[in-house]
Amino acid sequence: MKKVEANRYPHSATLFRFCKEALEIRYEGNVKVIDQDVGAILGYDPADCSHWKKGKKNIRALATLKSIADHLNIDERLLIDIASGKVGLEEAVFEFKGYGSFSLGGKSLENLKKEYFKNPDKWQIEGQLKTFEELFDINRPEVAKIANHVLTVGKFHEAPIYIPEVFQLYSNISLQADESLEDPIAVDQEGQDEALQVNIRYKGGEMRPYVRFLIAKELYKYLCRSGQAVAHMMKKAPDEVLEIQSNIFAGMLLIPADILRTEVEKIDSSLDIVMQLAETFWVSKALMNQRLRDYLENLN
């Protein structure tokens with residue numbers, strides 16, 4: 001009997017691990033996900049499930065990937081990227097989780113309201129307590145103003161936006177590749193206010209799309225916390241607000257509205273619009289989808 005090489009299809013093994021993590025995220029830790037739960041997505045018996053997990057079974061058929069996509073309620077193009085080795089496990093899980101909130105609402109808003117009225121002292125700024133609406137105002141127009149300022153100062157008029165060139169605009173924030181990192185990025189800070197110095201290290205030599213997004217978010221937080229003139233209004237913003245604002249800023253910086261409008265006019269409407277735009281702006285399809293929704297809702 002011919003011996004089957006272990007992990008013959010490494011990308012299929014990665015796909016298995018992704019499906020397991022996706023199920024764990026869906027159940028929010030309330031259900032223990034086992035290997036058979038992953039195999040059940042495709043109706044596999046324990047033997048087939050084991051072969052898939054160990055990379056001895058090739059999972060590439062479009063119909064099979066569509067079945068997984070339907071079960072997990074995700075874009076099958078992400079699964080195709082995993083199965084082809086274009087996207088690794090860490091990046092795939094990040095894409096599945098999404099790019100965070102671009103607005104404050106739902107359960108997050110309700111939880112903040114409860115916390116605000118339960119512990120008002122926590123939210124005082126310089127001895128004063130603002131109203132809930134004032135304190136947690138995302139102030140999207142101001143975020144757009146900050147993003148546009150960076151783009152204008154750097155004279156960025158075409159896609160893609162090069163993150164290293166953006167960082168050259170600010171002497172107290174630096175960027176460095178670090179092969180030893182386990183996490184996508186690491187942020188080292190020293191000093192505060194105008195003397196704040198930030199060094200951002202990112203994993204590996206290639207700056208993947210989701211890493212570009214995370215780095216852009218950190219740039220926004222630096223601009224606010226260091227009291228840069230363009231972002232002085234946001235210096236005292238609560239972390240909860242800053243997190244949402246940094247998501248909006250990163251989307252606007254990597255996919256500027258003016259350039260987006262120009263590129264939309266160029267694309268071939270007979271092909272996948274999101275994929276074409278994602279490739280042009282060096283962002284993921286998930287972020288491009290989010291940014292398009294964000295732009296259509298706010299027109300900036």
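The numbers here are math on the coordinates, done by the rules we state, and not lab data. These figures come from a predicted structure and were not determined experimentally. No Cβ is skipped: glycine too gets one built from the backbone with ideal geometry, and neighbour counts run over all protein chains shown.
Return the single residue from Arg26, Arg201, Arg140 with maximal mean-square fluctuation; model: Gaussian network over the chain, springs between Cα atoms under 10 Å. Comparing Arg26, Arg201, Arg140 in the GNM, the peak value goes to Arg26.
With the convex hull drawn around the C-alpha atoms of the range 12-97, the volume per residue stands at 82 Å³. For the chain, adding -39500 (n - 2.57) for each run of n ≥ 4 DSSP H residues and dividing by the number of residues yields -16500 deg cm²/dmol at 222 nm. The length gained by stretching the chain between Val31 and Glu110 to full extension, at 0.36 nm per residue less their Cα-Cα distance, is 25.9 nm. With contacts taken as Cα pairs under 8 Å and at least 6 residues apart, the chain reaches a relative contact order of 15 percent. Remark: relative contact order (the range 12-97) = 36 percent; criterion is Cα-Cα distance under 8 angstrom and separation of 6 or more residues.
The C-alpha atoms of the chain define a longest principal axis, and helix 106-118 lies at about 50 degrees to it.
What angle do you read, to the nearest 10 degrees and between 0 and 90, between the alpha-carbon axis of helix 257-266 and the longest principal axis of the chain? With both axes taken from Cα atoms, the answer is about 40 degrees. Annotation: amide H of Ile173 within the under-5 Å range of Val198, sequence separation 5 or more or interchain, hydrogens built in the peptide plane. Computed on the range 123-252, with alpha-carbon pairs under 8 angstrom and 6+ residues apart, the relative contact order is 26 percent. Between Gln36, Gln176, Gln124, where does the largest GNM mean-square fluctuation fall for the chain, given springs only between Cα atoms within less than 10 Å? Most flexible of the set in this elastic network: Gln124. Between the helical axis of 209-225 and the longest alpha-carbon principal axis of the chain there is an angle of about 20 degrees. A simple rule links phi to the HN-Hα coupling: the Karplus curve 6.51 cos²θ - 1.76 cosθ + 1.60 with θ = phi - 60°, which for the range 43-49 gives x, 7, 7, x, 5, 5, 4 Hz, with x for Gly and Pro. Loop-located GluC sites (Glu not before Pro) in the range 248-300 (DSSP state not H, G, I, E or B) with no more than 15 neighbouring Cβ atoms inside 10 Å do not occur.
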